[in-house]
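The values are calculated or read from the model by the stated rules, or taken from the named source; none is laboratory data. Keep in mind it's a predicted model, so treat the numbers as computed, not measured. In this analysis, Cβ positions are derived from the backbone assuming ideal geometry, glycine residues included, and neighbour counts consider all displayed protein chains.
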Amino acid sequence: MRYLGNVVNIKNLYNYHKLRIIIISLSLLSFLLAVIGGGLYYFKVKSSLLKEAHQQCITTINNVNKDISLFLVQYKLASKVLSKLEEIKNCIKKPSQNNLSKANIILDIFASSFKIDVCYLMDKRGITIASSNRNTSQSFVGKDFSFRPYFKKAIKGSPCTYPALGTTSKKRGIYFSYPVYIDSKKEPYGVVV
């Protein structure tokens with residue numbers, strides 16, 4: 001009987017170690033599956049978030065592109081409208097203090113309405129004859145801008161958009177110029193900027 005008890009104890013001990021190995025194996029297997037599953041989940045979420053961030057960047061870039069395009073079109077149109085106004089044409093066609101005052105008022109209205117630094121009118125030679133900044137220390141009136149590409153293109157009849165550093169203001173800006181025609185003549189008599 002003693003022998004039988006020892007066999008039962010050995011059998012129980014054997015089963016205990018076997019059960020222990022199974023539990024440890026299952027625990028390790030569960031841990032490995034959790035690590036692998038967590039890793040896969042992490043990389044899937046990371047990939048998804050990166051794709052979403054990339055898509056948001058593309059959307060933002062497209063919106064900024066549309067805003068810039070709208071900005072450019074708006075100011076091109078404003079310079080075109082400004083060039084067609086009678087007060088602007090009369091200032092070049094019949095220079096007088098009265099016509100100059102009317103042109104300056106129009107330039108002031110455009111500058112304040114479009115929230116821009118300056119609007120100005122140049123004659124055929126590229127000399128500024130009227131300007132919304134005429135009463136400032138950096139007045140453009142009397143200045144020769146005939147060397148500027150935006151003047152050269154516009155006086156030849158082509159509207160121009162020209163980014164540059166201002167020679168008088170020393171500020172970076174975008175210049176929108178448009179030729180001023182009088183009585184549907186073939187060549188421009190001045191340029192608005």
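Checking the structure you have, find out if any residue of region 69-79 is assigned to a loop (DSSP other than H, G, I, E, B) and crowded, with 17+ Cβ neighbours inside 10 Å.
Applying the first criterion (assigned to a loop (DSSP other than H, G, I, E, B)) to region 69-79 yields none.
Checking region 69-79: not a single residue is assigned to a loop (DSSP other than H, G, I, E, B) and crowded, with 17+ Cβ neighbours inside 10 Å.
Suppose we filter region 139-187 for residues that are in a strand (DSSP E or B), out of contact with any Lys or Arg (no Cβ under 9 Å at 6 or more places or on another chain) and either touching a residue at least 40 places away in the same chain (Cβ under 8 Å) or surrounded by 12 or more Cβ atoms within 10 Å (Cβ to Cβ) (or both); how many remain?
Residues of region 139-187 that are in a strand (DSSP E or B), as a first pass: 144, 160-165, 172-180.
After this cut, where a residue has to be out of contact with any Lys or Arg (no Cβ under 9 Å at 6 or more places or on another chain) as well, the list is 172-174.
With either touching a residue at least 40 places away in the same chain (Cβ under 8 Å) or surrounded by 12 or more Cβ atoms within 10 Å (Cβ to Cβ) (or both) added as a condition, the list becomes 173-174.
Within region 139-187, residues that are in a strand (DSSP E or B), out of contact with any Lys or Arg (no Cβ under 9 Å at 6 or more places or on another chain) and either touching a residue at least 40 places away in the same chain (Cβ under 8 Å) or surrounded by 12 or more Cβ atoms within 10 Å (Cβ to Cβ) (or both) number 2.
Are any of the residues in region 110-117 of a type outside the set (Val, Ile, Thr), touching a residue at least 12 places away in the same chain (Cβ under 8 Å), surrounded by 18 or more Cβ atoms within 10 Å (Cβ to Cβ) and in contact with a strand residue (DSSP E or B) (Cβ under 8 Å, 6 or more places away or on another chain)?
Within region 110-117, not a single residue is of a type outside the set (Val, Ile, Thr), touching a residue at least 12 places away in the same chain (Cβ under 8 Å), surrounded by 18 or more Cβ atoms within 10 Å (Cβ to Cβ) and in contact with a strand residue (DSSP E or B) (Cβ under 8 Å, 6 or more places away or on another chain).
Residues of region 73-97 being touching a residue at least 60 places away in the same chain (Cβ under 8 Å) and polar (S, T, N, Q), which ones?
Passing the criteria: 79, 83.
Which one is nearest to residue 72 (Cα to Cα), of the residues in region 98-138 that are β-branched (Val, Ile, Thr) and in a loop (DSSP other than H, G, I, E, B)? Give the steps one after another, and end with the answer.
First pass over region 98-138, keeping only residues β-branched (Val, Ile, Thr): 105-106, 109, 116, 118, 127-129, 136.
When the remaining residues are screened for being in a loop (DSSP other than H, G, I, E, B), the result is 116, 118, 136.
Working: 116: 13, 118: 16, 136: 27 Å.
Taking the candidates together, the pick is 116.
Does residue 62 meet the test of being in contact with a helix residue (DSSP H, G or I) (Cβ under 6 Å, 6 or more places away or on another chain), part of a helix (DSSP H, G or I) and either under 30 Å from residue 176 (Cβ atoms) or modelled with pLDDT under 90 (or both)? Spell out how you get there, then give the answer.
Working: in contact with a helix residue (DSSP H, G or I) (Cβ under 6 Å, 6 or more places away or on another chain): no; part of a helix (DSSP H, G or I): yes; either under 30 Å from residue 176 (Cβ atoms) or modelled with pLDDT under 90 (or both): yes.
No: the conditions fail for residue 62.
Of the residues 129, 155, only one is closer than 19 Å to residue 101 by Cα and at pLDDT 90 or above; which?
Details: 155 fails: closer than 19 Å to residue 101 by Cα.
Result: 129 is the single residue among 129, 155 that is closer than 19 Å to residue 101 by Cα and at pLDDT 90 or above.
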